[in-house]
Amino acid sequence: MPDLENLLGILARSLVDEPDKVEVSSTETDSRVDLELRVADGDIGKVIGRQGRTIRAIRTVVKAASVKAGKRTNVEVLD
Amino acid sequence: MREFYAATVDEAVLRAAAALNIAPDRLSYEVVDPGGAGFLGIGAKDARINVRLGETLPPSPTIEAPRETETVDATTRDSAISEEDANAVDTSHAEDERTPQEPVTPELLSEVKALVTSLVEAMSLNARIDVYESDDEIAVDVASPETGLFIGQKGETIDSLQYLVNVAVYKDRPFAKRIVLDAEGYRQRRIEAIQGIAHRTARKAIRERRSVELPPMSAPERRVVHVYLKDNPQVNTMSEGTGYNRRVTISPAEL
């Protein structure tokens with residue numbers, strides 16, 4: 001089973017300047033997984049990207065991985 | 001020794017010849033992988049050759065690459081290729097005249113491999129990952145029994161991963177070569193599919209004497225359309241719309 005928290009963590013840590021400040025949490029039900037991403041204040045722009053391009057790509061990848069788990073996902077960046 | 005690849009061995013030889021400015025029949029090379037069309041495009045892979053650089057004859061600067069029509073010259077006849085499309089990060093294997101300033105180091109290649117491997121594992125895909133430097137890119141070939149999941153609809157997953165890997169790898173280092181993810185020859189097949197759409201839509205535009213819109217495409221995909229129809233005097237191409245809705249319109253030249 002894909003570990004979506006781990007996947008989101010790897011993606012986020014690879015993009016930010018302060019990987020140690022990356023925190024991922026998730027709430028899981030039978031049908032869906034809600035993931036929350038926290039990064040250092042200065043790194044929020046890095047995970048969102050210009051016109052949201054980076055967060056959109058992150059969501060696409062996480063969504064693809066969630067197909068195997070048979071659940072819908074949602075990724076939110078908390079500030 | 002330098003590696004080149006394309007859909008077929010012949011094309012790879014032409015590509016190598018063009019890049020090295022050496023006549024194709026003077027190249028000394030060995031076939032690494034003869035490639036294959038696969039079955040219905042499944043299992044298709046690139047042909048790869050290794051060119052022995054030392055054994056080639058001196059370059060003759062007058063040789064024109066026979067098949068390098070893919071290179072876009074923004075100043076050519078068709079000004080319809082917008083700045084954005086012409087400069088688009090190209091997902092095709094087209095030649096590019098840019099010479100990268102930064103060398104591709106073994107450390108860079110292993111960092112790319114490590115990142116892609118960890119991502120693919122976290123997606124719980126079984127995959128064999130092959131990273132190598134080709135003429136104009138860092139090629140990452142992902143071989144997996146679950147290629148469909150890795151590529152996604154219209155390539156959205158592989159394109160997203162490719163974008164993220166490029167951003168992550170070049171975050172703290174100067175840009176060397178674009179990192180291109182591929183699986184089972186997907187990139188080449190996608191280019192051919194888009195060329196087929198462009199061809200049929202151009203015929204429709206001519207037959208019906210009206211402009212016909214293509215579905216929205218990414219910049220490199222739109223570029224494939226512009227370049228493919230550049231030499232067709234019967235039609236003009238133009239990109240219209242903004243953001244994710246940007247699409248190519250094909251119009252008959254007479255309009």
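The values are calculated or read from the model by the stated rules, or taken from the named source; none is laboratory data. These numbers were taken from a predicted model, which means no experiment stands behind them. Note that each Cβ is placed from the backbone with ideal geometry, even for glycine, and that neighbours are counted across all protein chains shown. Side chains included, ligands, DNA and RNA excluded: accessible areas come from the protein's heavy atoms. Shrake-Rupley method; radii C 1.70, N 1.55, O 1.52, S 1.80 Å.
Contact list please: Cβ distance under 7 Å, first residue in the stretch A:1-28 and assigned to a loop (DSSP other than H, G, I, E, B), second residue open to solvent by 90 Å² or more (accessible area, probe 1.4 Å) and modelled with pLDDT of 95 or more, pairs at least six apart or on different chains.
Note: pairs meeting the criteria are A:22/A:13.
In the stretch B:219-250, which residues are free of Cβ contacts under 8 Å to residues at least 60 places away in the same chain and closer than 24 Å to residue B:160 by Cβ?
Hits for the stretch B:219-250 are B:225, B:241, B:242, B:243, B:244, B:245, B:246, B:247, B:248.
Restricting attention to the stretch A:30-62, which residues are within 13 Å of chain B (Cβ to nearest Cβ) and out of contact with any helix residue (DSSP H, G or I) (no Cβ under 8 Å at 6 or more places or on another chain)?
Once the filter is applied, which keeps residues that are within 13 Å of chain B (Cβ to nearest Cβ) and out of contact with any helix residue (DSSP H, G or I) (no Cβ under 8 Å at 6 or more places or on another chain), the stretch A:30-62 yields A:45, A:50, A:52, A:59.
With the requirement that a residue be of a type in the set (Ser, Thr, Tyr) and either open to solvent by less than 60 Å² (accessible area, probe 1.4 Å) or within 14 Å of the chain's Cα centre (by Cα) (or both), what does the stretch A:29-79 give you?
Of everything in the stretch A:29-79, those that are of a type in the set (Ser, Thr, Tyr) and either open to solvent by less than 60 Å² (accessible area, probe 1.4 Å) or within 14 Å of the chain's Cα centre (by Cα) (or both) turn out to be A:54, A:60, A:66, A:73.
Quick check, is residue A:66 in a helix (DSSP H, G or I), touching a strand residue (DSSP E or B) at 6+ places or on another chain (Cβ under 7 Å) and of a type in the set (S, T, N, Q)?
Yes; evaluated as a whole, the condition is true for this residue.
Kindly indicate the residue of the stretch B:128-173 that is assigned to a loop (DSSP other than H, G, I, E, B) and open to solvent by 40 Å² or more (accessible area, probe 1.4 Å) and also nearest to residue A:62 (Cα to Cα) among those meeting that condition.
Of all residues in the stretch B:128-173, those assigned to a loop (DSSP other than H, G, I, E, B) come to B:134-136, B:144-146, B:152, B:170-173.
Of the ones still in play, those that are also open to solvent by 40 Å² or more (accessible area, probe 1.4 Å) are B:145-146, B:171-173.
Details: B:145: 19, B:146: 16, B:171: 21, B:172: 24, B:173: 26 Å.
Here the answer is B:146.
I need a count of the residues in the stretch B:85-117 that are modelled with pLDDT under 95 and within 14 Å of another protein chain (Cβ to nearest Cβ).
Looking only at that region, the number is 1.
Report yes if residue B:204 is assigned to a helix (DSSP H, G or I), surrounded by fewer than 19 Cβ atoms within 10 Å (Cβ to Cβ) and at pLDDT 95 or above, otherwise no.
yes
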